[in-house]
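Just so you know, all these numbers are worked out from the coordinates, no wet-lab data involved. Computed from a predicted model, the values in this text were never measured in an experiment. Virtual Cβ from ideal backbone geometry, glycine too; neighbours counted across all protein chains shown.
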Number of protein chains: 2
Amino acid sequence: MVQKSSPAKRGRPRAYDEETALAQAMRVFWTGGYAATSLDELSAATRMNRPSLYAAFGDKQALYRTLIERYRAMARAAMAEALAGRPLREGLRRVYDGALSIYFGGKEPRGCFMIGTAVTEAASDRTVRASLNEGLREIDAAFEARLRQARDDGELARGTDPAALAKLASGTLYFLAIRSRAGEPRTVLERAADDAIGLICGAPRRETSAQAGASE
Amino acid sequence: MVQKSSPAKRGRPRAYDEETALAQAMRVFWTGGYAATSLDELSAATRMNRPSLYAAFGDKQALYRTLIERYRAMARAAMAEALAGRPLREGLRRVYDGALSIYFGGKEPRGCFMIGTAVTEAASDRTVRASLNEGLREIDAAFEARLRQARDDGELARGTDPAALAKLASGTLYFLAIRSRAGEPRTVLERAADDAIGLICGAPRRETSAQAGASE
DNA sequence: TGATTTTTGTACCGTATTGTATAAAAATAG
DNA sequence: CTATTTTTATACAATACGGTACAAAAATCA
């Protein structure tokens, strides 16, 4: 644990807060993508002039990579929180609802930061590609672990394959990520997520037929 | 039908073939993305100098939009061909195998042209966004129609929901599109597709256990 | 108060990029 | 052979971009 309060630093104090600056930089990259975002835009959004940006975060690539790592960490934590200590269905719903809150969290729908910006860059940037795939595999793994536990707890049928189902769950997340950025209304995606949960966990079977009002 | 052979045109003959030029331009956009691709790269790839590019296809945006439309048409035709006149399982397998052939068709894996490049642009370009979502909905619709037919033919259980299953099928396609571009090996994705097909169509149930060799 | 340290703010440099102007080239028409 | 048409090829203009040099500002230390 490092001392965090006030080491009484020497020179001119920083005019920016690192956390908010990174958040603003992410916001700009998020809607514009990596390549189309200029340093002027980043400078304006963070209210940091160019030299300060470089001193704090390195060049454009380094800043972007930092943001990808931050988003990965955020996603990992959010998934763990959503999936733990709850029935499977409820956990999946929390994952997808939480994702949609993020995807529709900006002024305009923007989807997932990784899928919406890093996938494009992945083809030409090895570092981004590796980080992206690691991030996506983490999500697979989180789904798979929770599904395996559900199977072992009898929440899912004995014959189910957690790894295979986890990829469906990830695919559903990609569906929300892509289609939200493509302009699909949120209600449509909420419905798609609910349907997917039903198919992944097995139909409720206590309802009369197939799809009814999904109120509670 | 328009006359196509040789109308005996007037001026200097074109040095380029429009189809191959468009294909080369698509190849460049595909790996680099829209924003990061310069006109110099497009000019080099198509072997057309800048003024010829402008005269033939308009500016960079117009060219890119044309290519998105072409890719949509290609995808629509490929899906229709793959899904028609075959058992559901086989049709889905053809769709996913065909997709993987495209996603791994370049020198390096590049994923889907729409998902790999247009998703990023969709947040800032209304036209691309609309075209992208239309294209993705077409894929949903093709899956759904085939699944509904399968249900009506008794190939799927009576209670199945074609629209919900179609979104799982699309999500699986997105999985292949994204993960191939993220560097996932092809064999892993082939396996993921097979698993997804099994889950969408229902487990074979005549095999002893869960996953065995899926030969024929 | 004066020296030192760290950050800010502005200006700048070299290059890359998009788009076009213009002349040469290569065909047909008369 | 000359005029016309269409495309190519080169050059160019205006701007945008990434990155950095340098001096002023704002803090601490002695």
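List pairs: first in the range A:41-54 and within 14 Å of chain B (Cβ to nearest Cβ), second more than 10 Å from DNA strand C (Cβ to nearest atom), Cβ under 6 Å, 6+ apart or cross-chain?
Cβ pairs passing all conditions: A:E41/A:V28.
Can you name the number of the only condition in (1) away from chain B (no Cβ under 14 Å); (2) within 16 Å of DNA strand C (Cβ to nearest atom); (3) of a type in the set (S, T, N, Q) that A:S101 fails?
Evaluating A:S101 over (1) away from chain B (no Cβ under 14 Å); (2) within 16 Å of DNA strand C (Cβ to nearest atom); (3) of a type in the set (S, T, N, Q) leaves (2) as the failure.
Going through A:D140, A:D152, A:D59 one at a time, which residue ends up being away from DNA strand D (no atom under 16 Å from the Cβ) and farther than 23 Å from A:F175 by Cα?
Working: A:D140 fails: farther than 23 Å from A:F175 by Cα; A:D59 fails: away from DNA strand D (no atom under 16 Å from the Cβ).
Checking each option against the conditions leaves just A:D152.
Out of the range B:123-164, which residues are over 17 Å from the mean Cα position of the chain (by Cα), facing chain A (nearest Cβ under 7 Å) and crowded, with 23+ Cβ neighbours inside 10 Å?
B:A123
Which numbered condition in (1) within 14 Å of chain B (Cβ to nearest Cβ); (2) out of contact with any Gly (no Cβ under 6 Å at 6 or more places or on another chain); (3) within 16 Å of DNA strand C (Cβ to nearest atom) is the only one that A:T120 fails?
(2)
Could you tell me which numbered condition A:G33 fails, if it satisfies all but one of (1) closer than 23 Å to A:L132 by Cα; (2) crowded, with 20+ Cβ neighbours inside 10 Å; (3) more than 12 Å from DNA strand D (Cβ to nearest atom)?
(3)
State all residues of the range A:15-73 that are within 12 Å of DNA strand C (Cβ to nearest atom) and of a type in the set (D, E); if no residue qualifies, say none.
If the condition is that a residue be within 12 Å of DNA strand C (Cβ to nearest atom) and of a type in the set (D, E), then A:D17, A:E18, A:D40 are the ones that fit.
With respect to B:L176, is the statement that it is over 25 Å from A:A122 (Cα atoms), in contact with a Leu (Cβ under 6 Å, 6 or more places away or on another chain), among the aliphatic types (A, V, I, L, M) and surrounded by 24 or more Cβ atoms within 10 Å (Cβ to Cβ) true? Working first, answer last.
Values: over 25 Å from A:A122 (Cα atoms): no; in contact with a Leu (Cβ under 6 Å, 6 or more places away or on another chain): yes; among the aliphatic types (A, V, I, L, M): yes; surrounded by 24 or more Cβ atoms within 10 Å (Cβ to Cβ): yes.
No, not satisfied.
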